[in-house]
Amino acid sequence: MDATIQSAPAQVAEPAAIVAALKTNAGNPKGVRASFAKGQCVLGRFTSAREAASVTKSKSFTAPSKVLGRFSVGGGNPKVADSNRVVLRGLSLHIGNGKDATDMLFENAPVHFAKSTGQMLEFLTVRAPGPDGKPDAQKVKAFSAANPETLNQANYVAGKPVPGSFAGVTYFGIHAFPVTNARGLTRFVKFELIPAGGEISLSDEEAKTKADDFLQQDLKARIVGGGIKFRMVALLDQPGDPTMDVTLRWPGEDDRQQVTLGTIELNALSDNEPCDETIFNPGTLAAGVAEPPDEIFAARKLAYAISLARRRSEIAQP
Ligand code: HEM
């Protein structure tokens with residue numbers, strides 16, 4: 001067994017190295033995102049719920065606004081099949097007006113696959129394609145045995161059916177965000193988007209019959225049919241919650257007290273330009289929602305900018 005795999009992951013890895021590893025594992029397609037490369041930009045609006053103010057004073061969540069969104073399929077391959085059982089589904093949102101805007105990025109798993117940047121880089125590196133185009137199964141096995149929490153995300157996804165529609169997915173913001181309400185009370189919450197029409201799933205047999213872009217076709221049909229709605233909620237923390245480890249759910253998380261922040265309604269398709277020419281930046285947060293203090297969040301802010309710079313330069317010099 002490789003000694004470097006058995007040892008504890010380095011504490012900190014550079015976001016640039018993580019972006020490079022994401023690109024390597026996807027086969028370095030040019031001009032596209034390092035992660036969630038396949039997607040569709042949409043437009044809509046946010047309507048605030050009255051109780052939102054009890055959790056946060058953020059004007060992004062306590063006032064109505066237009067919404068720019070992007071539904072996506074995980075991984076760095078822009079041609080991935082929408083029926084892929086393993087990759088994540090994503091939804092990015094830009095809500096709020098002007099300087100009071102917030103970007104929130106969600107995916108259909110409640111945990112990330114690494115608790116530190118070092119562990120994330122190693123997770124990706126052991127999955128890099130070898131000479132035969134495939135990762136070394138032994139290395140992956142050894143790394144997983146030494147870092148069992150890195151399987152939490154894949155195990156969650158494996159336990160769920162294949163999503164049958166972007167509209168029928170529960171999306172998780174994963175990190176614990178410190179929120180402050182108008183009375184100055186600060187606590188941690190996790191954000192979730194709950195589909196208004198319930199979950200929509202496929203059996204593995206049904207998934208095999210679907211076109212590679214069936215999620216996009218379904219999205220178009222639902223938007224023509226009147227749009228898609230999600231309830232945005234904040235799950236309230238309790239003492240002792242593991243707020244710094246994004247590989248862990250909070251105890252009894254599914255039964256946590258929820259505060260409804262409002263409704264996201266996505267009712268128009270957009271050209272992809274407004275989403276592709278910039279980033280949904282995890283660091284864009286209006287006062288009242290602060291940055292999660294975990295190491296992974298800090299790395300994300302840099303990684304997204306690095307990925308944007310790379311895809312821009314690849315588009316400029318194909
Ligand atoms: C932990 C929770 C995470 C969530 C929920 C998440 C979600 C997402 C989503 C939804 C996108 C697509 C953005 C879009 O639609 O434009 C995205 C892109 C991306 N993610 Fe994450 N991600 C997470 C963690 C990370 C981490 C830890 C890193 C690296 C340190 C990372 C690196 C990236 C990169 C490089 C992109 C492409 C950025 C671009 O070129 O626009 N993500 N992520």
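Readers should treat all values here as calculations from the given coordinates under stated rules, not as data from a laboratory. Small disclaimer: the values here were computed from a predicted structure and weren't measured. Because the Cβ atoms are built from the backbone with ideal geometry, glycine has one as well, and the counts that use them run over all protein chains shown.
Annotations for the structure displayed:
- Relative contact order (percent, whole number), the range 3-316, Cα cutoff 8 Å, 6+ residue spacing: 26
- Summarising the amide proton neighbourhood of LYS38: residues at separation of 5 or more, or on other chains, whose placed amide H is nearer than 5 Å comprise VAL73.
- Fully extending the segment from SER203 to THR278, taken as 0.36 nm per residue of separation minus the present Cα-Cα distance, adds 23.4 nm.
- Within the listed set ALA16, ALA287, ALA158, the residue fluctuating most in the Gaussian network model of the chain (springs between alpha-carbon atoms under 10 angstrom) is ALA158.
- Straight-distance candidates among the lysines for linking to LYS210, with alpha-carbon spacing under 16 Å and chain neighbours fewer than 8 residues away dropped: LYS79, LYS220.
- Mean residue ellipticity (222 nm) of the chain, computed from DSSP H runs ≥ 4 via -39,500 (n - 2.57), nearest 500: -7500 deg cm²/dmol
- Once backbone amide H atoms are built at 1.01 Å from N, ILE279 has no partners under 5 Å, excluding neighbours fewer than 5 places away on the same chain.
- Here the 3J(HN,Hα) profile of the range 86-95, calculated from phi with Karplus coefficients 6.51, -1.76 and 1.60 at θ = phi - 60°, is 9, 6, 7, 10, x, 9, 10, 10, 10, 10 Hz, Gly and Pro shown as x.
- Backbone amide hydrogens, once placed in the peptide plane, bring LEU202 within less than 5 Å of VAL162, GLY164, excluding anything fewer than 5 places away on its chain.
- Multiplying the residue separation of VAL12 and ARG85 by 0.36 nm and subtracting their alpha-carbon distance yields 23.2 nm.
- Nearest-0.05 FRET efficiency for ALA211 and ARG231, computed from C-beta distance (R0 35 Å): 0.75
- A Cβ-based charge dipole, computed about the Cα centre of the chain with Lys and Arg at +1 and Asp and Glu at -1, lands at about 580 debye.
- Debye log10 I(q)/I(0) for the chain, one point scatterer per Cα, at q = 0.08, 0.09, 0.12 Å⁻¹: -0.35, -0.45, -0.83
- The GNM of the chain, with springs linking C-alpha atoms under 10 angstrom apart, assigns the highest mean-square fluctuation among ARG50, ARG70, ARG231 to ARG50.
- Based on C-alpha pairs under 8 angstrom that are at least 6 apart in sequence, the range 39-105 has a relative contact order of 33 percent.
- Net length gained if the chain between ASP132 and VAL224 were fully extended (0.36 nm per residue, minus Cα distance): 28.7 nm
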